[in-house]
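These notes are about the structure you will find just below.
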């Protein structure tokens, strides 16, 4: 009976044009990184365009600045700071760019779209092609006291972190490890360069 319900749900989502990534699972995205932090590059090669297609995001020929906001994210694995790489969402041959991308390794996420719309943290990780859920970050999955923990403006996110809406100047901390491995206090707001 449960199998029939799941099949019905999958069929309904497919009929509605919802991809697996939009439905909350990114496990089948092209080029999905599921390794350790040392392997988390920008993932901007040949799998980027098929990944954008899979999540229903356009590959824009240039930056679209009608809707232009920024967030800043810090990543921690077992208490160690991990840089968010430059070039996420930007084709390595500079032929296209995603609406969600990074220009440098400061942790600043750029939302640049031709119209104002809602984007989520899950979509950013899907553009990056890094496995991200309430249980896993790349190759690190909940086990024993180690877990994925997320804060938005210093407030712990207890629901699905993929659904966090990328609002202007949102400060995000994504950590994997034990609660004791996360530095305290979590900053409420990260600094942004002038003009952001």
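Since every read-out is calculated from the coordinates, none of them should be taken as a lab result. Values in this document were obtained by computation on a predicted structure and should not be read as measured data. Cβ atoms come from the backbone with ideal geometry, glycine included; neighbour counts cover every protein chain shown.
Specify the residue with the greatest mean-square fluctuation among 38, 181, 27, computed from a Gaussian network of the chain linking alpha-carbon atoms under 10 Å apart. Top of the fluctuation ranking is 38. Please say if segment 54-132 is rounded, prolate or oblate, where rounded means a/c under 1.5 for a ≥ b ≥ c the square roots of the C-alpha gyration tensor eigenvalues, and otherwise the choice is prolate for a/b larger than b/c and oblate otherwise? Prolate is the answer for segment 54-132, as a/c is 1.5 or above and a/b outweighs b/c.
Considering only beta bridges that DSSP places wholly inside the chain, some 75 percent are antiparallel. A simple spin-label model places the labels of residue 143 and residue 38 1.6 nm from each other, with each point 7 Å out along Cα-to-Cβ. Calculated mean residue ellipticity, 222 nm, the chain: -4500 deg cm²/dmol, from DSSP H runs (n ≥ 4) at -39500 (n - 2.57) each, averaged per residue and rounded to 500. Percent relative contact order of segment 2-181, based on C-alpha pairs within less than 8 angstrom and at least six residues apart? Answer for segment 2-181 is 25 percent. Can you figure out the FRET efficiency of residue 94 with residue 68, using R₀ = 25 Å and their beta-carbon distance, to the nearest 0.05? Rounded to the nearest 0.05, the efficiency is 0.80. With all pairs of different C-alpha atoms in the average, the Kirkwood value for the hydrodynamic radius of the chain is 17.3 Å.
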